[in-house]
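Okay, structure first, notes after.
The values are calculated or read from the model by the stated rules, or taken from the named source; none is laboratory data. Predicted model, so just to flag it, every value in this text is computed and none were measured. Cβ sites come from the backbone with ideal geometry, for glycine too, and all protein chains shown count toward neighbours. Heavy atoms of the whole protein, side chains included, go into the accessibility calculation; ligands, DNA and RNA do not. Shrake-Rupley method; radii C 1.70, N 1.55, O 1.52, S 1.80 Å.
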Amino acid sequence: MASRNYPCIRTKLPGPNATQYLEKEKKYISPSSTKGYPLVVKSAKGMAVTDVDDNIFLDFTAGVAVCNTGHNHDQIISSITHQANTLIHMSGADFYNPLQIELAEKLSAICPGSFSKRVFFGNSGAESVEAAFKLARYHTRRSIVIAFYNAFHGRTMGALSLTASKLNQRKHFLPLIPEVIHIPYAYCYRCHYGLTPDNCNMACVTWIREELFKTKVPPEDVAAIFVEIIQGEGGYIVPPKEFHKALYQLTRDYGILYVADEVQSGMGRTGKMFASEHFDIIPDIITLAKGIASGLPLSATVASEKIMNWLPGSHASTFGGNPVSCQTALTTIRLLEDGLIDNAAKQGAYMINELEKLERTYPIIGDVRGLGLMLAVEIVKDKETKEYAPEVRDIIVQKTFSKGLLLLGCGRSAIRFCPPLILTKNDADIAVSIFEECLRETIQSKL
């Protein structure tokens, strides 16, 4: 196997060119976004990201679970170039777009459920959630929506009303959309009810039926339950299969829409096209974005034709379903189907096995979890108390950056591993080796 040219750190981080950009950023860019470390990107290819000082990093973020086909895949570049030479924009809100229609047909075929489906195209995950929120209320004529603690559905006002991940995301934006009820998710490592999966009888779902619906919320007024199949920003939390089955049955019993947010978990990331498939769930509405177009702005809200029955003018987007993005999405889906999904399952199984070895060795790892290449390691101060250790987590992420491995935090105290789905065993070994080195250094520095 040919040797890789990454990671390769040539300068002190941030380097001189990066430092100049960081100073300009402070002057010209909104300070509202969060950046974990001073990475100023110049280019990227495959698994490698190069900064403006020619430092080369191994990317285990995929642009936050977006570049599932790897950075600048040759076939993706070809699709973008060909379409840009043909048609860049004619608004799909006012004119007919053949590529929108073709992509909608493909999404209708691959999304769970044998029924006929329709698709609304937007530009981001938040937009797909906004569309689903509006559609749920429009279709059901009901006002209440249920979401979960630790959920992240976006930062626009409707999506933010569903989000309950970090206080800074909501602070000073109140009041938000009324009639959104938050409840505990099936975070079994930190069960809200102090139970374990073998004795809980899915308390986090039965509580809705036996308490919430009998004391505060009339079930006949609930339009939808919005749920991330695997919680993303909240910590890459994978619930038991029984959780989604019980939650789905609850929605069937009361005529409530089951809305699956697959913005981060969809498009092959978990080793199946959609994470819903791991749980044998057929959502009423699915929200998609991130990995759908290999880095170009695109989102999709997919629902049965019976549900997506709103009138013309009810909802639209000037830029949603851009022709270049749609063509790129079609190529992305083909690449996923032609082997990248299978690779995500294979390499993900290998990765989680390697990370579990570290869990058995290092006392600051409390939990390892995930499906496919949507994996997380939860950092704790003590395995017994499970006390959160966000400061330690942040130190580890900074250390991996300094050694050329790009990772991101998630939840209060976890580190996520969400590399491109082109990951090889060799790349996985490099990442695990660097990660272990940083774990060891962090523990030694505390002694």
Self-check item: Odd one out for Val368, checked against (1) in a strand (DSSP E or B); (2) over 20 Å from the mean Cα position of the chain (by Cα); (3) of a type outside the set (S, T, N, Q)
Solution: (2)
Self-check item: Candidate set: segment 296-330, residues that are in a loop (DSSP other than H, G, I, E, B) and crowded, with 24+ Cβ neighbours inside 10 Å; chosen: the one nearest to the chain's Cα centre (by Cα)
Solution: Leu298
Practice problem: Please indicate, with yes or no, whether at least one residue in segment 205-216 is charged (D, E, K, R), farther than 30 Å from Asn123 by Cβ, open to solvent by 60 Å² or more (accessible area, probe 1.4 Å) and assigned to a loop (DSSP other than H, G, I, E, B). | Solution: yes
Practice problem: State whether the residues of segment 54-64 include one that is open to solvent by 20 Å² or more (accessible area, probe 1.4 Å) and of a type in the set (D, E, K, R). | Solution: yes
Exercise. Would you check if there is a residue in segment 241-252 being touching a strand residue (DSSP E or B) at 6+ places or on another chain (Cβ under 6 Å) and either part of a helix (DSSP H, G or I) or basic (Lys, Arg) (or both)?
Key: yes
Quiz prompt | Hits in segment 267-295 (condition: of a type in the set (S, T, N, Q) and in a strand (DSSP E or B)) | solution = Thr287
Quiz item: Of Arg360, Arg393, which residue is in a helix (DSSP H, G or I) and open to solvent by 70 Å² or more (accessible area, probe 1.4 Å)?
Solution: Arg360
Quiz item: Within segment 430-443, which residues are farther than 14 Å from Ile352 by Cα and buried (at least 18 other Cβ atoms within 10 Å of the Cβ)?
Solution: Ile430, Ile434, Cys438, Leu439, Thr442
Quiz item: Say we look at segment 396-412 and pick out the residues that are without any contact (Cβ under 8 Å) to a residue 60 or more places away in the chain and of a type outside the set (D, E, K, R); which of these is surrounded by the fewest Cβ atoms within 10 Å (Cβ to Cβ)?
Solution: Ile396
Practice problem: Could you run through segment 371-390 and say how many residues are assigned to a strand (DSSP E or B) and either open to solvent by 30 Å² or more (accessible area, probe 1.4 Å) or over 24 Å from Cys191 (Cα atoms) (or both)? | Solution: 2
Quiz item: Quick check: anything in segment 160-176 small (Gly, Ala, Ser), part of a helix (DSSP H, G or I) and open to solvent by less than 30 Å² (accessible area, probe 1.4 Å)?
Solution: yes
Quiz item: If you go through segment 253-260 one residue at a time, do you hit one that is open to solvent by 10 Å² or more (accessible area, probe 1.4 Å) and on the phi > 0 side of the Ramachandran plot?
Solution: yes
Quiz item: Leu167: modelled with pLDDT of 95 or more and under 30 Å from Ser32 (Cα atoms), yes or no?
Solution: no
Quiz prompt | Residues that are of a type in the set (D, E, K, R), more than 21 Å from Ile229 (Cβ to Cβ) and not in a helix (DSSP H, G or I), drawn from segment 137-157 | solution = Arg141, Arg142
Exercise. May I ask you to verify whether Ile333 is in contact (Cβ under 8 Å) with a residue 40 or more places away in the chain and open to solvent by less than 20 Å² (accessible area, probe 1.4 Å)?
Key: yes
Self-check item: Any chance Thr400 is more than 18 Å from Val49 (Cβ to Cβ), out of contact with any strand residue (DSSP E or B) (no Cβ under 6 Å at 6 or more places or on another chain) and either at pLDDT 95 or above or not in a helix (DSSP H, G or I) (or both)
Solution: no
Practice problem: Exactly one condition in (1) of a type in the set (Asp, Glu); (2) open to solvent by 60 Å² or more (accessible area, probe 1.4 Å); (3) within 22 Å of Cys67 (Cα to Cα) is not met by Asp427; state its number. | Solution: (2)
